[in-house]
Amino acid sequence: MRFSVLASGSTGNAIYVENEEHSFLVDAGLSGKKMDQLFQQIDRDARKLSGILVTHEHSDHIKGLGVMARKYKVPIYANAKTWQAMDHHLGIIPTEQRFQFDMETVKSFGGLDIQSFQVSHDAAEPMFYVFHENGRKLTLITDTGYVSDRMKGYIKGSDAFVFESNHDVGMLQMGRYPWSVKRRILSDVGHVSNEDAAVAMSEVVDLKPTQIYLSHLSKDNNMKDLAHMSVEQTLRSCGIIAGEYVHLHGTDAEIPTPLVEV
């Protein structure tokens, strides 16, 4: 199983996951043209996608979804409330390309099992995914105001994480955003801070080689180095030695990470 964070942040989100038989895109939050460019950068063909999995209906997650669905005739998977919330943004999607993926269920594609789980965000019914293959586990979790014990149960012990580390609280509080936006980001249905992400990761990372990709970093209220330092310090204080067990990486708004083996 391999993955690439194609894009991550408020300008657009998309994550590519593949095994030997299937390939999936999780969200298509950039224009159709930009999505094609991102696929070219990782030397993959969007025409071969087995499906696109949708996490929620916000525009930075579905901007290119309708275009890609029509252009490549790819199946689209989302839960019922997300379908209802995003339908009028997508244009015409043929019935044969519409599939329902309910909350907290598992769909199997050959030897690849994909498990959905609920997150806390200001959307209709937001959910993210855990990919399982041959005892290996990849977790994708962004766009959540906090990480509950129930979420931790789903994601604990993963071999790789794409984990939200959205903002530094001090930078956000002192920044230029209006208070209404700051309050939303800091709320339980907003985004996870560096500090809260670090604490959550310390509770779900096992003492084994683990890859963590810090994602959905705010361009105004965070920095890669700051997010990395916050998480590493917390993991070290909990006895999880970054560099020995855990390898931390940052992600960029529209620069794909290399394909990573899980």
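The values are calculated or read from the model by the stated rules, or taken from the named source; none is laboratory data. Keep in mind that this is a model prediction, so the values were computed, not measured. Glycine gets a Cβ as well: all are built from the backbone with ideal geometry, and neighbour counts include every protein chain shown. These accessible areas exclude ligands, DNA and RNA; they are computed on the full protein's heavy atoms, side chains included. Shrake-Rupley method; radii C 1.70, N 1.55, O 1.52, S 1.80 Å.
Can you find, among SER116, MET68, GLY145, the residue sitting farthest towards the positive end of the charge dipole of the range 28-170, where Lys and Arg contribute +1 and Asp and Glu -1 at Cβ?
Going by the Cα projections, it comes out as MET68.
State the antiparallel share, in %, of DSSP beta bridges confined to the chain, rounding to the nearest 5.
Details: 26 of 50 bridges.
The antiparallel fraction comes to roughly 50 percent.
Please give me the summed charge of the neighbours of ASP159: other residues whose Cβ is under 11 Å from its Cβ, Lys and Arg +1, Asp and Glu -1. Don't skip to the end; give the middle numbers.
On the way: positive: ARG136, LYS137, LYS208; negative: GLU133, ASP206, GLU261.
Residues near ASP159 contribute 0 overall.
By how many nm would the segment from LYS73 to LEU259 grow when fully extended, if each residue of separation counts as 0.36 nm and the alpha-carbon distance is taken off? Let's see the in-between values first.
Values: separation 186, 0.36 × 186 = 66.96 nm, distance 2.43 nm.
Extra length available between LYS73 and LEU259 comes to 64.5 nm.
Compute a Gaussian network model of the chain, connecting alpha carbons closer than 10 Å, and tell me which residue from THR251, THR95, THR11 fluctuates the most.
The residue that fluctuates most here is THR95.
Quick check: from the Cα gyration tensor, does the range 1-149 come out rounded (a/c under 1.5), prolate or oblate? Before the final figure, lay out each step's value.
Details: a/c = 1.28, a/b = 1.03, b/c = 1.24.
Because its axes are fairly even, with a/c under 1.5, the range 1-149 counts as rounded.
Fully extended, how many nm does the chain gain between ARG236 and TYR146 (0.36 nm per residue separation, minus their Cα-Cα distance)? All intermediate terms of the calculation are to be shown ahead of the outcome.
On the way: separation 90, 0.36 × 90 = 32.40 nm, distance 2.15 nm.
Computed gain between ARG236 and TYR146 is 30.2 nm.
Along the positive direction of the dipole of the range 136-240 (beta-carbon charges: Lys, Arg +1; Asp, Glu -1; about the Cα centre), which of SER237, MET174, ILE185 reaches farthest?
Of the candidates, ILE185 comes out farthest on the positive side.
Please report, in debye to the nearest 20, how large the charge dipole of the chain is about its Cα centre when each Lys and Arg carries +1 at its beta carbon and each Asp and Glu carries -1 there. Show your work: numbers first, answer last.
On the way: 26 positive and 34 negative charges, 118 e Å.
So the dipole magnitude of the chain works out to roughly 560 debye.
Please compute the modelled spin-label separation between ASP252 and HIS89, points set 7 Å along Cα→Cβ, answer in nm with one decimal.
Once both label points are built, they end up 2.6 nm from each other.
By the scheme Lys and Arg +1, Asp and Glu -1, what is the net charge of all other residues having a beta-carbon under 10 Å from that of SER193?
Net local charge, SER193 excluded: -4.
Sort the range 80-129 into rounded, prolate or oblate with this rule: let a ≥ b ≥ c be the square roots of the eigenvalues of the Cα gyration tensor; rounded if a/c is under 1.5, and if a/c is not under 1.5, prolate when a/b is larger than b/c, oblate otherwise.
On the way: a/c = 3.01, a/b = 1.19, b/c = 2.53.
Because a/c hits 1.5 or more and a/b fails to exceed b/c, the range 80-129 counts as oblate.
May I ask you to give the solvent-accessible area per residue for the range 1-103, in square angstrom, as obtained with a 1.4 angstrom probe? Numbers along the way, then the final one.
Working: 4280 Å² over 103 residues.
Accessible surface, normalised per residue, equals 42 Å².
Got a number for carbon plus sulfur as a percent of the range 23-158's accessible area, 1.4 Å probe?
Solvent-exposed carbon and sulfur of the range 23-158 make up 46 percent of the total.
How are the C-alpha pair distances of the chain spread across 5 Å bins, as whole percents from the shortest bin up?
Spelled out per bin, shortest first, that is 1, 6, 14, 18, 21, 18, 12, 6, 2, 1, 0.
Using r as the Cβ-Cβ distance of VAL169 and LYS33, and R0 as 45 Å, what FRET efficiency do you calculate, to the nearest 0.05? Could the numbers behind the result be given before it?
Values: r = 36 Å, r/R0 = 0.80.
For R0 = 45 Å, the calculated efficiency reads 0.80.
Calculate the dipole size of the range 1-142 relative to its Cα centre from +1 charges on Lys and Arg beta carbons and -1 charges on Asp and Glu beta carbons; express the result in debye to the nearest 20. Numbers along the way, then the final one.
Values: 15 positive and 17 negative charges, 85 e Å.
So the dipole magnitude of the range 1-142 works out to roughly 400 debye.
Find, among the GluC sites (Glu not before Pro) in the range 187-262, those assigned to loop by DSSP (not H, G, I, E, B) with at most 15 other beta-carbon atoms within 10 angstrom. Can you show the working numbers first?
Working: sites: GLU195, GLU203, GLU232, GLU244, GLU254, GLU261; in loops: GLU244, GLU254.
Filter output for the range 187-262: GLU244.
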